[in-house]
1. With 23 Å as the cut-off, how large is the P(r) tail for the range 275-400, expressed as percent of Cα-Cα pairs?
2. Using a Förster distance of 25 angstrom, determine the FRET efficiency expected from the C-beta separation of residue 373 and residue 429, and round it to 0.05.
3. For the range 328-440, just list the percent of Cα-Cα distances falling in each 10 Å bin from zero outward, please.
4. At q = 0.15, 0.27 Å⁻¹, what log₁₀ I(q)/I(0) does a Debye calculation on the Cα points of the range 222-281 give, no solvent, two decimals?
5. Want the number for residue 403 to residue 479: 0.36 nm per residue separation, take away the alpha-carbon distance, what's left?
6. What full-extension length gain, to one decimal in nm, is calculated for residue 418 and residue 341 as 0.36 nm per residue of separation minus the Cα-Cα distance?
7. Note the per residue figure in Å³ for the convex hull of the C-alpha positions in the range 432-507.
């Protein structure tokens, strides 16, 4: 078979992911904290990028530029964020991410500005003092660092023993205590690691278990409760028998507990009350890390005419600018082709970053606007009016791809009068309605199940079958296994357990 060389022309379609488009996609799915880290890294790498620090409120583009020695046209991002759903008017239209950016110079914008939301940060002054007295408020003056659980236990260990070997064993035991206060490592494992007797480790463990908080370093829930009862001098034989059968306590089998403990109804009720006063996780007062507050990327508020206004949160938008004056000065002094190429690449990268940030903000605003329009019943009346919604519905309404909407709604939150909620919260599955009734949101059905359980009477506890019948009378066609699944996801006990608990409460 002879080998031949020939020229062929073929026509086809292919998706080319340019570095700029990849950057835009990456920025779109970042949370605002990750976005700040990304922009900070770009500021360190690119000498043409600068950040705008606003001392009070948000500077106008011209003011920010004059402070930085840059023309007003270099500030990034200036577009309105207002939507009037009642009249269908949008100020500051958005361009879908699916459109690849043109190569013309970046449009000057200011991502830190908002037409509808203006936040100011006035400097604090003492009462009756002017602004030039040097009385600045120190925000760290009242802050204290609470000791961790590990530090708290180690401090008690140092006071409890001066023996170096005992302290070494004790610190190894303390290292095995998790944030809830339980020992996650066996005494045998500690003894093998340190090359000592198991009896020595158990003796030091008993010492650590005498520390505060009571119940620390327990190896099981029963041992944790036993340590706390011993510290309160309430560990009598009846209570010891009660602790050994915590499974019956969980099932609220009062008859079996009375027989095992050898007590009457009143004594058992008092023992259960005493048991509820104990802390099953004694280390949680120390083991909690810093609280991460969910910061909204978008605000939704009611307009005077009853419509909804959707606005970007300016605190989550980076304020950067491209220093064109510095670029012109450096370009004139460049001596080699390598230097000129570097400056050119920096300028192109800075322009692409500013355009990507602008595009990200516009896309978030557009997707949030459609979510609010689809879920206007939730914002007006609450969870009971939450409608079933999926990514395809929002994508088709705004002319974007589902993957783009998915990236926008990831790691983003919406601030409402009903709290700050993740965007994914508004996308719920559909539960079919009865004949002639539209579908219901799964989250709304969960909310209704919780309401029915909370309002049930002790003599009329609703079983899963009864919940199904009640929901069907309200136009919700749902299966019993679905009700059981939703009830378990809400951590609602079964009807048998709820009946026992309400009977016990009524008896007291």
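A short reminder: the numbers here are calculations on the coordinates, not readings from a lab. These numbers come from a predicted model, not from an experiment. Cβ atoms come from the backbone with ideal geometry, glycine included; neighbour counts cover every protein chain shown.
1. Value for the range 275-400: 61 percent of Cα pairs lie more than 23 Å apart.
2. Efficiency for this residue pair is about 0.80.
3. For the range 328-440, the pair-distance distribution reads 12, 32, 22, 12, 11, 7, 3, 1.
4. Log10 I(q)/I(0), no solvent term: -0.37, -1.26.
5. 24.2 nm
6. Extending this stretch completely gives an extra 22.5 nm.
7. 77 Å³
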